[in-house]
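The values are calculated or read from the model by the stated rules, or taken from the named source; none is laboratory data. Computed from a predicted model, the values in this text were never measured in an experiment. Cβ placement follows ideal geometry from the backbone for every residue including glycine, while neighbour counts extend to all protein chains displayed.
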Amino acid sequence: MNPDEEFPIILVTQDHYELANNEVIGTNTKFWFEHQELGYCLYKQNKSQYIGQDWSEKVASELCELLRLPHAIYYLAETWEGDRGIVSPSFLPKDATLIHGNEILTRILPNYPTFENYGVSQHTIDIVLSVLAEEHINFPIDWIAPSNIQKSVEVFVGYLMLDAWIGNGDRHHLNWGLINRKLTPHTRETIHLAQTYDHASSLGRELYDEKRQKLSVDSYIKKCKSAFYANSEDKKSLKTFDVFHQVALLYPQAAIMWLEHLERISTKETRVIFNRIPKNRMSNIAIEFAQNILDLNQKKLLNFKELLT
């Protein structure tokens, strides 16, 4: 990898669109299509060319790589009409299906609001952890776990640390799930934790540069809310840091390991990622704001690590 080389841009053609299978989940323009080199891929378009959903998704996936978290792969993309977005190859094997969190919780909670994404107070961190702690849930497919990670729920602890680091407030019940790998003549049916995916609501990507110049990064990160609630009766969701603190106390060994992974990541490494985003997609002001988010949140997280050890 050349640290001075910009990330490549995947061209989404009109033929891709016309042959696509439309995606109905979410609010962005998106569709599945067959890419000659990458295979079956999802294209997701930015809601606005001025809002950085493309670069935030790309940066988050590169940060997952540094953390050694199992994650969906994202490429910066542009359509034949000049619209910007991302392309993500499917992480599902041909014999597998993705079961979203809302489907899972609907099966076990009476009157669960299956089709609402935000403000779902029944989406509590305790119920999600109880689901993911079940013994039959395997690690993400093709991911080799570190020796001190014993359960899939401990991998999810890493996902929640990532959320706290990047300020991701969008891990609602469609943005986590399980993979059902179906029975074949040569294999038995298995259930796996899905890779972490859909991190675009992070790193201050929703802000305009004028707002970034006036806003304190410290005040911004203190307001980062998650999509998890402490109790189903609560009116407000937990902050991303509060979620991670809660699960870290329940799974301290896993939390310490993920924090050690975070500790090894330098500002120089994250700066390289930002610098590889094309300048017409991410301004220097946006880079500085996002880098400061990472630096401040990393410091806060590592301070918490001292309390666990």
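State whether the residues of region 105-115 include one that is surrounded by fewer than 21 Cβ atoms within 10 Å (Cβ to Cβ) and not assigned by TED's automatic domain parsing to the domain that holds ASN231.
Looking for residues that are surrounded by fewer than 21 Cβ atoms within 10 Å (Cβ to Cβ) and not assigned by TED's automatic domain parsing to the domain that holds ASN231, one finds none in region 105-115, hence no.
For region 37-61, which positions are closer than 27 Å to LYS94 by Cβ and assigned to a helix (DSSP H, G or I)? It would help to see each step written out before you state the result.
Here is the first cut: in region 37-61, the ones closer than 27 Å to LYS94 by Cβ are 37-45, 57-58, 60-61.
Residues satisfying the conditions are GLU57, LYS58, ALA60, SER61.
Can you pull out the residues in region 248-280 that are among the β-branched types (Val, Ile, Thr) and under 17 Å from the mean Cα position of the chain (by Cα)?
THR270, ILE273
Taking region 211-239 only, how many residues are among the hydroxyl-bearing types (Ser, Thr, Tyr) and over 18 Å from GLN291 (Cα atoms)?
So the answer is 4.
For ASN280, are the conditions met, namely being at pLDDT below 95 and among the polar types (S, T, N, Q)? Walk me through it before giving the result.
On the way: at pLDDT below 95: yes; among the polar types (S, T, N, Q): yes.
So ASN280 passes the test.
Give me the pairs, please: first residue somewhere in region 136-160 and among the polar types (S, T, N, Q), second residue anywhere and crowded, with 17+ Cβ neighbours inside 10 Å and part of a helix (DSSP H, G or I), beta-carbon distance under 7 Å, and either six or more positions apart or on two chains.
ASN138/SER152; ASN148/MET257; SER152/LEU132
Can you work out which of the residues in region 138-171 that are among the acidic types (Asp, Glu) and not in a loop (DSSP other than H, G, I, E, B) is farthest from LYS239 (Cα to Cα)? Full working, then the answer.
Filtering region 138-171 for residues among the acidic types (Asp, Glu) gives 142, 154, 163, 170.
Then keep just the ones that are not in a loop (DSSP other than H, G, I, E, B); that gives 154, 163.
On the way: GLU154: 20, ASP163: 10 Å.
Here the residue is GLU154.
Could you list all residues from region 105-127 that are β-branched (Val, Ile, Thr), out of contact with any Leu (no Cβ under 8 Å at 6 or more places or on another chain), touching a residue at least 60 places away in the same chain (Cβ under 8 Å) and not in a loop (DSSP other than H, G, I, E, B)?
THR124
Taking region 172-212, which residues are basic (Lys, Arg), more than 18 Å from LEU132 (Cβ to Cβ) and crowded, with 18+ Cβ neighbours inside 10 Å? Steps first, please.
From region 172-212, those basic (Lys, Arg) are 181-182, 188, 205, 211-212; that's our starting set.
Subsequent filtering for residues that are more than 18 Å from LEU132 (Cβ to Cβ) retains 182, 188, 205, 211-212.
Hits for region 172-212 are ARG205, ARG212.
How many of the residues making up region 256-291 are assigned to a helix (DSSP H, G or I) and in contact with a Gly (Cβ under 9 Å, 6 or more places away or on another chain)? Step through it out loud before you land on a result.
Just the residues of region 256-291 that are assigned to a helix (DSSP H, G or I), to begin with: 256-263, 267-275, 284-291.
Still in the list and also in contact with a Gly (Cβ under 9 Å, 6 or more places away or on another chain): 257-258, 261, 286, 289-290.
So the count comes out to 6.
Hey, could you check region 223-250 for residues that are over 25 Å from TYR112 (Cβ atoms) and either of a type outside the set (Lys, Arg) or not assigned by TED's automatic domain parsing to the domain that holds ASN168 (or both) and say which is surrounded by the fewest Cβ atoms within 10 Å (Cβ to Cβ)?
Initially, region 223-250 is screened for residues over 25 Å from TYR112 (Cβ atoms), giving 223-224, 241, 245, 248-249.
Next, from what is left, pick out any that are either of a type outside the set (Lys, Arg) or not assigned by TED's automatic domain parsing to the domain that holds ASN168 (or both): 224, 241, 245, 248-249.
Numbers: CYS224: 20, PHE241: 22, HIS245: 18, ALA248: 24, LEU249: 12.
Looking at residues that are over 25 Å from TYR112 (Cβ atoms) and either of a type outside the set (Lys, Arg) or not assigned by TED's automatic domain parsing to the domain that holds ASN168 (or both), I get LEU249.
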